[in-house]
1. Just one of A:W29, A:W79 is more than 14 Å from chain B (Cβ to nearest Cβ), buried (at least 17 other Cβ atoms within 10 Å of the Cβ), modelled with pLDDT of 95 or more and over 24 Å from B:A124 (Cα atoms); which is it?
2. Quick one: which helices (runs of 4 or more DSSP H) lie wholly within region B:92-207 and hold at least 3 residues that are surrounded by 15 or more Cβ atoms within 10 Å (Cβ to Cβ), away from chain A (no Cβ under 12 Å) and over 17 Å from the mean Cα position of the chain (by Cα)?
3. Being out of contact with any Leu (no Cβ under 6 Å at 6 or more places or on another chain) and farther than 30 Å from B:V206 by Cβ narrows it down to one residue among A:S107, A:S164, A:S114; which is it?
4. Looking at (1) at pLDDT 95 or above; (2) within 21 Å of A:L171 (Cβ to Cβ), find the lone condition where A:D70 falls short.
5. When you scan region B:42-51, do you find a residue that is surrounded by 13 or more Cβ atoms within 10 Å (Cβ to Cβ), more than 21 Å from B:S145 (Cα to Cα) and out of contact with any helix residue (DSSP H, G or I) (no Cβ under 6 Å at 6 or more places or on another chain), even just one?
6. Taking the condition of being in contact with a Lys or Arg (Cβ under 8 Å, 6 or more places away or on another chain) and among the charged types (D, E, K, R), how many residues in region B:186-207 meet it?
7. When region B:37-61 is examined, which residues are found to be within 14 Å of chain A (Cβ to nearest Cβ), part of a loop (DSSP other than H, G, I, E, B) and at pLDDT below 95?
8. Among all residue pairs at least 6 apart or on different chains, which show Cβ distances below 8 Å where the first residue, located in region A:22-43, is closer than 18 Å to A:K77 by Cβ and the second is at pLDDT 95 or above and among the basic types (K, R)?
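The values are calculated or read from the model by the stated rules, or taken from the named source; none is laboratory data. Here the structure is a predicted model, which means the values were calculated and not measured. Neighbour counts are summed over all protein chains in view; Cβ atoms, including those assigned to glycine, are modelled from backbone coordinates with ideal geometry.
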Number of protein chains: 2
Amino acid sequence: MNPAAAAKPRRRARAAPRAAKTPLTPETWIDAATEVLVDRGIDHVRVDILAGELKVTRGSFYWHFRDREDLLRRVLKAWGERATEQLTARLARAGTDAQAQLRDVISLPFRGRSAARGARIELAIRAWARRDEMARKTVDEADASRIAYHEEIFATLGFEAGESRSRAFLLYSYEVAESLLHRQGTPAQREERRGFVERLLQQALVR
Amino acid sequence: MNPAAAAKPRRRARAAPRAAKTPLTPETWIDAATEVLVDRGIDHVRVDILAGELKVTRGSFYWHFRDREDLLRRVLKAWGERATEQLTARLARAGTDAQAQLRDVISLPFRGRSAARGARIELAIRAWARRDEMARKTVDEADASRIAYHEEIFATLGFEAGESRSRAFLLYSYEVAESLLHRQGTPAQREERRGFVERLLQQALVR
């Protein structure tokens, strides 16, 4: 907690009942805001609703955030940082073997409950980005970084720059769609198309 | 207008000022609801807001719709029907030439302003579908019909059933992503990847 925040005019004089015992961290507010965003949409991410969910007064919010806009900015920042961290972890795990990297990204949409939760958060943020420039920018940057990572994999596999870029976009499209259209096809069909994508995208174009 | 609707208990006794002169059709309400859905999200699609936008009383709404749920159902129905009509028109236009059909669907995300508007509506409905089972069902059905149409193209091009299904999913993924990630890459790069997708997806798998 930042003691300087106590001087902020918007902070209420009376401390929140719960905040006095177990002070909430900014992360708690950010997580709660993300939950509400996913379950109910951005319009419901409001200080009064979050304070109610967390059973604290609205005043305790202003220990950590200037206003709602500040919270929203930090929700996006947290999501963007997580996206970058995941890319870095991916690189470290798969090492320098481009084939292993390729298999790793192709299997991404199939990674069980944590992938499903990540996909739900991402969809909620994409929905928000349709109507908000700040969210739009965060999503665009995450997409661009991921596509660039895919591009490097194809470059390492020996494809020239333009083609690596096109392959990267097509593969990333598949990953996004697999998460967006997750009800299309049976599990066996999903597995079949995964194998197909892995093979087709490594094939050279016939001249 | 359906005169029987006048007997409905929810209709207000006093006629709307404007409805008396130029009665609104159900389509006007459905279009207005779709606009609000796109611009502000599903939570703002409410009878009072729409009546305000259309400058009529709330009462005139109940000439055409039982309640908000009824309106939402018909917004989805209208969108679903439009999606089906577009598929039928597509079939008629491209005829039986599978190559022409393939080029037609690949160029879909690039069809100027009407495509851009269609994409915005579709994204808004996908966002809504994340939290609403009725919307989810409509989107799933539209996706399934379109994927089936793509599948037929590949079957006509001579690919066997399983592979046609996988190719259809990958091509449809590309179309969805081209619309969702429309800010990724320059116009030249988008054109390059379009040509790439058209070629790669017609190539046989190397055994």
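1. One residue alone meets the criteria, A:W29.
2. In region B:92-207, the matching helices (runs of 4 or more DSSP H) lie at B:98-106, B:133-156.
3. Residue meeting the stated conditions: A:S114.
4. (2)
5. For region B:42-51, residues surrounded by 13 or more Cβ atoms within 10 Å (Cβ to Cβ), more than 21 Å from B:S145 (Cα to Cα) and out of contact with any helix residue (DSSP H, G or I) (no Cβ under 6 Å at 6 or more places or on another chain): present.
6. 3
7. Residue satisfying the conditions is B:G41 alone.
8. A:P26/A:R74; A:I30/A:R74
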